[in-house]
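Here is the structure we will look at, set down as structure tokens.
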Amino acid sequence: MKRLLIALLLLFTLPALGAKVETGDPDLDRAFEALLGSDFAAKQAALQQLVANERPERFQWVEGILDGRLRVLKKEKRVVWVEKDGRQFKATDALTAQVLGEFKKRKLKKFRINNSLRRTIRSILAARDLDSPDPRARRKAVEAILENPSPDQIALLQPRIEKETDPAVLDAMQLVMALAKLQSPDEPERLKAIKGVSGSLEPAVRQALVRLAENDPSPSVQKSAATALRKIEDRVRVMGQIETLFFGLSLGSVLVLAAIGLAITFGVMGVINMAHGELIMLGAYTTYLIQQLMPGLPGVSLLLSIPAAFLVSGSVGIAIERGIIRFLYGRPLETLLATFGVSLILQQLVRTVISPQNVPVSNPEFMSGQLFINSALSLTYNRLYIILFCMLVFVGLFLVLKRTRLGLEVRAVAQNRGMARAMGVRAARVDALTFGLGSGIAGVAGVALSQLTNVGPNLGQQYIVDSFMVVVFGGVGNLWGTLVGGLGLGIANKFMEPWAGAVMAKILILVFVILFIQKRPRGLFPQKGRAAED
Amino acid sequence: MFLLRPLKGDRGGQIFVALLVALVIAVTVMANLPQENPLHLSSYTVTLLGKYLTYALLAVALDLVWGYLGILSLGHAAFFALGGYAMGMYLMRQIGDRGVYGNPELPDFMVFLNWHELPWYWQGFDQFWFAMLMVMLVPGLLAFVFGWFAFRSRVTGVYLSIITQALTYALMLAFFRNEMGFGGNNGLTDFKDILGFSLQSDATRLGLFIASAVVLLLGYLACRAIVASRLGRVAVAIRDAESRARFVGYRVELFKLAIFTFSAVLAGIAGALYVPQVGIINPSEFQPLNSIEVVVWVAVGGRATLYGAVLGAVGVNYAKTWLTGVLPDAWLFALGALFVLVTLFLPRGVVGLLRREKEQ
Amino acid sequence: MSDILRRDRVFDFMVAREVEDLDLSHGTVLYMEDVSVSFDGFKAINGLNFYVDTGELRCVIGPNGAGKTTMMDIITGKTRPDTGSCWFGQRLNLLQMDEPEIAQAGIGRKFQKPTVFEHHSVFENLELAMAGPKTVWSTLTARLTPEEKGQIEEVLEVIGLQDESGRRAGSLSHGQKQWLEIGMLLMQDPLLLLVDEPAAGMTHQEMDRTVALLKSLAGKHSVVVVEHDMDFVRSLESRVTVLHQGGVLAEGSMDQVQNDPRVIEVYLGGADAEG
């Protein structure tokens, strides 16, 4: 009976015990064999032995043990990387990188580990990252520890703090140390640690401080934690405000982009173009069409869309000016009605030719994601790009008006049409080009908007009232006014949203502008002098 | 015929009044013919005609401020819609406990939003007289407050047009909000009866049509009385040479304020007659497009004639009904083209065209 | 002619109100003291002192940009000065009144460029200018009385437009518009008339008639004429004020002024520069 039992036991343990590894390096063989065994203390030792080895792949092996990709082929006695391929596993020799073909699962033996081994492996990996020459990798390692701190990992940090040269990594390391000290049983130690973390925006710090402020046995620690918390909350609030400001700036940039073409046609030429919104819409649709032509290249097609949209909207604008507006100069109300008619026609045209539904416009990769500033503040790239783009367009337009012959002529015609004509400026041509310029900018704005909102036939309608508000608020005939007006209204809108709600904020802005116009009918930056009269 | 005195010297107006009277008589007779009779007018047609008449009143109101005073309001549909909402609130209260939720006091949408009490501004709307007062008072008050600020600070021309558009846009956004207590997106609808008469019955519909015709006639005569008086001449003087009018001693802002407010009240009344006939009022009535459409009615008909506004409103809306039936996609093309062609080739509208032919 | 322009009984209401507010006991109808105004840093009026006596006819001359039109703008409430005071009689502070109030108080103005109500007939233009209550309600209910009608017809005769009474003002010639505007001033029946370049676009005969009209108005009204045409100014035979760079350069009879070396300097100096 006893024999039988032993025989059975042998039968079960034999494969395990009998697993042999032949790598050609006896040290490695021993370590791997121990790792395949069932003695966890021996496994711990074997891990250290493995890492002490000089081979460059050693950390990958350890990682492979952790996630199960490193196994042993029982018959061939080789350590292999496995990759699941259907029901079979593809095996590659871990030392020679020789492809060994496909095997059934039962031909492979896994390194069995427990939680304690897992912790050890993580520490080993963290230590590797902490010793990495790349500061970004070091920082990532520290952050990983911060998210999931354990005493042995913190112990890894201690000797490395003194050697650290990168300030950002050093900050992060000190933060982890301080967090660890927050749990220290020693009261002065805790107080010191609280001082050390004050001002940090890490959620882990805040959680720890909240715990201290509520549960710490020492009242002085409680008080000091509460103070630190308040300080942190203040900073978080400031960050929140910065974020709102950022949102406001990006909304304002959209407004400026939408309005700046109008500022030219309305401000410089005195023409009310109600079809301006539809010119923006055409720009957005141009983006869509170019993306359809170049599938799979959203980035390139977006960049190409900018000149294309400028040309499309610009030429439609010139057509409107030559076909309609030039017969109506000096009759602003009639111009308003006629261009409104054009806007209806353009809208319906898009509905009939393309689709009455919204069309999908994809965002290129570089537009997604966000810029991380700190734990309480990160800025999305698409908004950042919009702000940047708006500034570029503004500067470009400004230079065109200030530095080029066309700009000079535009300003001359705007100030005194008769005199400009007498000086040899061909007013009709300048009118057409100015209108084309303003319309082209509207098209460019459409490209930007296509990245932010739905592209549909009603896109223009949503922006026309806002654009007029911006131009009128900023002061007609003044590009700076449009910039300040647009950014100002955008920021004001975003700051009101938290307590008023999005729709109410918009209504309040409209009401504000209506009242403002009554107080200062010529806007923020009025044109002055006798020429502005009547 | 004291009432008809303003028509003296207004040939177009005389024709208009004669046609309107003839229309009312004809519709009354034809609607009462037996169904088999080929001349029988369905109540659908009667209601459609009634709707046109309310539009005509709105157009007359706009023509008074645009044609005679030179204020191009791009927000007149807002006053129309406000009058409509006031009427709609009365009609909602008349539903009583016949709503889906059967709440005797609260309209369905409030029950749906879990409101337990009627908001203060809904009080009193169960009384017809109070609702009618509000139909005039709310648009009038808004126009007064708006005009008080705008005209005193001498906002004129396109600036004024743009802020009137902003006004109606802001109202649209506001009425879309459920929290406003006017039914949000869906607005007010499912009306049952008015003054105890069922809104579904042919007789009520005919009655509403006749009421619209009578109010249009009265509104026209009132506007005509203003236009024919010295007040009307002052208005035109302000339109043509505002600062001269000031130096002659007229308080331009008060004249603008008075006429603008009166016009808004007329628009509100038109809206109040519109709502029971179409059976719904929702925030899309505040759309800037609606207000601009009114402008095009007046432009097509011929501004500063009053009867031209009527002609334009009925004509354009008839074309709209017809065209949206035949070629739904073509309507916006046609409307857009109408804007462009009228401003380019018919600055004085159809009436101007007819007059020119007579002059030649 | 002067008899046409006399205050009619119809206007008792206005007269009573004016006498009540307007105190002309010191014989001066307009005081402008130390008035300055600048546009964008350019001083259009600079420390101007200007007085007009009751019943006086006064001419104001000066080169372009001397501030003549701006001065009128200040008096009629179109422009607010930065500093200084401006009184109508002893009691009415013009700086606290707006254009219609000033017009109602009795200051009438003819613009440099004739502005009339183009879509109205000549008759209607005069009717609108007529002195009297000018509130919304009173205009709505106004009916022309025979006296008022008679008065309009008399003014029509004075301005020589009796045959054009029903014509649209927009279709009048430039000179006729000038006359119509003067007629509107007469209908307003102001105490102080500000007339900006009345002779522009007029023939010699018309000019003579204008001179006669303006002279006849003086005495019962105070009249301030701004004019470029020196012959016209000479024939008015009035005191002349020369404005230069926003201030008064000289004042006196036409002969005195013309011999003033400073005036010669300004005018001839300007001529030199241009030549």
**OP:** Go from 0 up to the bin containing the longest alpha carbon distance in region A:16-115, width 10 Å each, and give me the % of pairs per bin.
**Re:** 16, 54, 28, 3
Subject >> Within 10 Å of each Cβ in A:499-508, the average number of Cβ atoms from other chains >> reply: 3
Subject >> Neighbouring partner chain Cβ atoms per residue of B:219-232, average, 10 Å criterion >> reply: 2
Original post:
Which Cα, out of A:290, A:217, A:165, lies furthest along the positive dipole direction of region A:155-306 (beta carbon charges, K/R +1, D/E -1)?
Top reply: A:217
**OP:** Go through B:346, B:311, B:208 and list them by solvent-accessible area, largest first, probe radius 1.4 Å.
**Re:** B:311, B:346, B:208
Subject >> Kirkwood-based shape ratio for the protein assembly as shown, expressed as Rg/Rh from alpha carbons >> reply: 1.13
Original post:
Just how much of residue B:344 is accessible, in Å², when a 1.4 Å probe is used and the result is rounded to the nearest 10?
Top reply: 40
Original post:
In region A:417-481, which trypsin sites (Lys or Arg not before Pro) are in a loop and have at most 15 other Cβ atoms within 10 Å, using DSSP for the loop call?
Top reply: A:426
**OP:** Kindly state, to the nearest 0.05, the FRET efficiency for residue C:83 paired with residue B:35, given R0 = 60 Å and r defined as their beta-carbon distance.
**Re:** 0.10
Original post:
Rg and Dmax of region B:267-360, using alpha carbons, in Å: what are they?
Top reply: 14.6, 48
Original post:
Applying 1/(1 + (r/R0)^6) with R0 = 22 Å to the Cβ-Cβ distance of residue A:408 and residue A:315, what FRET efficiency is obtained, to the nearest 0.05?
Top reply: 0.40
Original post:
Listed highest first by mean packing, meaning other Cβ atoms within 10 Å per residue, what order do A:335-341, A:398-404 come in?
Top reply: A:335-341, A:398-404
Original post:
Regarding region A:133-217, what are the three Cα extents along the principal axes, ordered largest first, in Å?
Top reply: 43, 22, 20
**OP:** Give the percent of DSSP beta bridges with both residues in region C:189-275 that are antiparallel, rounded to the nearest 5.
**Re:** 45
**OP:** Sum -39500 (n - 2.57) across every DSSP H segment of at least 4 residues in the protein assembly as shown, then divide by the residue count to get the 222 nm mean residue ellipticity, nearest 500.
**Re:** -20000 deg cm²/dmol
Subject >> Distance (nanometres) between label positions extended 7 Å along Cα→Cβ at residue B:123 and residue A:416 >> reply: 6.5
**OP:** Along each of the three principal axes of the Cα atoms of region A:238-379, give the extent in whole Å, ordering the values from largest to smallest.
**Re:** 58, 39, 25
Subject >> Three-way shape call for chain A based on the alpha-carbon gyration tensor, with the a/c threshold at 1.5 >> reply: prolate
Subject >> Cα convex hull of region A:244-533, projected area averaged across orientations, nm² >> reply: 16.1
**OP:** Quantify how strongly other chains surround peptide B:162-173 by giving the mean number of their Cβ atoms within 10 Å of each of its Cβ atoms.
**Re:** 6
**OP:** Quote the charge dipole size of region B:166-291 about the Cα centre in Debye, to the nearest 20; the model charges only the Cβ of Lys and Arg (+1) and of Asp and Glu (-1).
**Re:** 700
**OP:** Please report, to one decimal in angstroms, the Kirkwood hydrodynamic radius of region A:437-515 built from all distinct Cα-Cα pairs.
**Re:** 13.6
Original post:
Of A:201, B:231, A:115, which is farthest along the charge dipole of the protein assembly as shown in the positive direction, counting Lys and Arg as +1 and Asp and Glu as -1 at C-beta?
Top reply: A:115
**OP:** Only loop residues by DSSP count here, and only those with at most 10 other Cβ atoms within 10 Å; note down the trypsin sites (Lys or Arg not before Pro) in region A:16-76 that meet that.
**Re:** A:75
Original post:
About its Cα centre, what dipole magnitude does region C:104-259 give when the only charges are +1 on Lys and Arg Cβ and -1 on Asp and Glu Cβ, stated in debye to the nearest 20?
Top reply: 380
Original post:
Taking the Cα centre of the protein assembly as shown as the origin, how large is its charge dipole in debye, to the nearest 20, when only Lys and Arg (+1) and Asp and Glu (-1) carry charge on their Cβ atoms?
Top reply: 5080
Subject >> Semi-axis lengths, Å, region C:155-270, gyration tensor of Cα atoms, sqrt of 5 times eigenvalues >> reply: 30, 15, 12
**OP:** Based on alpha-carbon positions alone, could you give the equivalent ellipsoid semi-axes of region B:1-108 from the gyration tensor, as √(5λ), descending, whole Å?
**Re:** 32, 26, 12
**OP:** Have a look at C:243, C:192, C:172 and tell me which one the Gaussian network model of chain C (Cα, springs below 10 Å) gives the largest fluctuation.
**Re:** C:172
Original post:
Which percent, to the nearest 5, of DSSP beta bridges fully inside the protein assembly as shown are antiparallel?
Top reply: 70
**OP:** Please report the base-10 log of the normalised intensity I(q)/I(0) for region B:5-284, using a Debye sum with one equal scatterer per alpha carbon and no solvent, at each q in 0.07, 0.10, 0.12 (1/Å).
**Re:** -0.29, -0.58, -0.81
Original post:
Rounded to a whole number, what is D in µm²/s for region C:130-221 from Stokes-Einstein with the Kirkwood radius over alpha-carbon pairs (10 °C, 1.306 mPa s)?
Top reply: 110
**OP:** Mind putting together the pair-distance distribution for chain C? All Cα pairs, 10 Å bins, whole percent per bin, short to long.
**Re:** 6, 28, 35, 22, 7, 1
**OP:** Just name one of B:116, B:102, B:139: the one whose Cα is farthest towards the positive end of the charge dipole of region B:77-163 (beta-carbon charges, Lys/Arg +1, Asp/Glu -1).
**Re:** B:139
Original post:
Residues of the protein assembly as shown: accessible area per residue at 1.4 Å, in Å²?
Top reply: 45
**OP:** Before anything else, pin down the relative contact order of chain B: Cα pairs under 8 Å, at least 6 apart, normalised by residue count, whole percent.
**Re:** 31
Original post:
Mind listing which GluC sites (Glu not before Pro) in region A:127-215 are in a DSSP loop and have 14 or fewer other Cβ atoms within 10 Å?
Top reply: A:162
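The values are calculated or read from the model by the stated rules, or taken from the named source; none is laboratory data. This structure is a prediction, so every number in the text was calculated from the model and none was measured. Neighbour counts run over all protein chains shown; Cβ positions are idealised from the backbone, glycine included. Please note that ligands, DNA and RNA were not included when accessible areas were found on the heavy atoms of the full protein model with its side chains. Shrake-Rupley method; radii C 1.70, N 1.55, O 1.52, S 1.80 Å.
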